[in-house]
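Student: Structure incoming, see below.
The values are calculated or read from the model by the stated rules, or taken from the named source; none is laboratory data. These numbers were taken from a predicted model, which means no experiment stands behind them. Glycine also receives a Cβ, built like all others from the backbone with ideal geometry; neighbour counts cover every protein chain displayed.
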Amino acid sequence: MKKYEIGTFILRVFLGISFFIHGFVKFQGGIENIVGWFESIGLPGGIAYGIALLELVGGIALVLGLGSRFVSALFALVMIGAILKVKLAAGFLGNGQMSGYELDLAFLVMAISIMISDSRLFALDQILFKSKSSEVSKEKTA
């Protein structure tokens, strides 16, 4: 087991838990409020449902190691959108009225890191698709 695999595993689990909590809070606090907020910043309100569901389900998928690269790519897109549409004007640390984009940027970097390195340690993908990945490995060595 290599050190980078442990590091990527830690990033994957932390990012998954963080997004799960963000999605859960969106539903718990009343998704209608989030829909209204999306509309107030010029986005279609229906996107709020998709984002909240992605955060909830994608967070669980990351923790379990299911489709980590794909889910991380989606999270990276969400973070880019959040930074550009909402947080950039407030600056890196915020402007006293709202927080800055430092957390969003950290989540973006974590998601990109997982996309690049593909966290396989303790991942369900390794169990579910083990035969497929071992066949590909054999073909590459032949």
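Student: Does the stretch 18-45 hold any residues that are under 22 Å from residue 122 (Cβ atoms) and of a type in the set (A, V, I, L, M, F, W, C), and which are they?
Tutor: 19, 20, 21
Student: Mind listing whichever residues of the stretch 83-92 are loosely packed, with under 13 Cβ neighbours inside 10 Å and either within 24 Å of residue 50 (Cα to Cα) or at pLDDT 95 or above (or both)?
Tutor: The answer is 84, 92.
For (1) surrounded by 13 or more Cβ atoms within 10 Å (Cβ to Cβ); (2) modelled with pLDDT under 95; (3) in contact with a helix residue (DSSP H, G or I) (Cβ under 7 Å, 6 or more places away or on another chain); (4) under 22 Å from residue 106 (Cα atoms), each residue gets a yes or a no:
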residue	(1), (2), (3), (4)
16	yes, no, yes, yes
21	yes, no, no, yes
30	no, yes, no, no
41	no, yes, yes, no
51	yes, no, yes, yes
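Student: Tally the residues that are among the hydrophobic types (A, V, I, L, M, F, W, C) and either touching a Cys at 6+ places or on another chain (Cβ under 9 Å) or outside any loop (DSSP other than H, G, I, E, B) (or both), restricting the search to the stretch 83-100.
Tutor: Start the filter on the stretch 83-100 by keeping residues that are among the hydrophobic types (A, V, I, L, M, F, W, C), which leaves 83-84, 86, 88-90, 92-93, 98.
In the following step, the residues that additionally are either touching a Cys at 6+ places or on another chain (Cβ under 9 Å) or outside any loop (DSSP other than H, G, I, E, B) (or both) were identified as 83-84, 86, 88-90.
So the count comes out to 6.
Student: Okay, moving on. Of all residues in the stretch 116-132, which are of a type outside the set (Ser, Thr, Tyr) and buried (at least 18 other Cβ atoms within 10 Å of the Cβ)?
Tutor: Selection gives 123, 125.
Student: Looking only at the stretch 1-14, count how many residues are loosely packed, with under 13 Cβ neighbours inside 10 Å, basic (Lys, Arg) and either at pLDDT 95 or above or not in a loop (DSSP other than H, G, I, E, B) (or both).
Tutor: 1
Student: Given the residues 127, 80, which is the only one that is at pLDDT 95 or above and either assigned to a helix (DSSP H, G or I) or among the charged types (D, E, K, R) (or both)?
Tutor: 80
Student: Test residue 48 against the criterion of being in a helix (DSSP H, G or I), farther than 18 Å from residue 123 by Cα and touching an Asp or Glu at 6+ places or on another chain (Cβ under 9 Å), and give yes or no. Even if it seems obvious, please write down each step before you answer.
Tutor: Working: in a helix (DSSP H, G or I): yes; farther than 18 Å from residue 123 by Cα: yes; touching an Asp or Glu at 6+ places or on another chain (Cβ under 9 Å): yes.
Criteria met by residue 48.
Student: Based on what the data block shows, is residue 138 of a type outside the set (A, V, I, L, M) and at pLDDT below 95?
Tutor: Yes.
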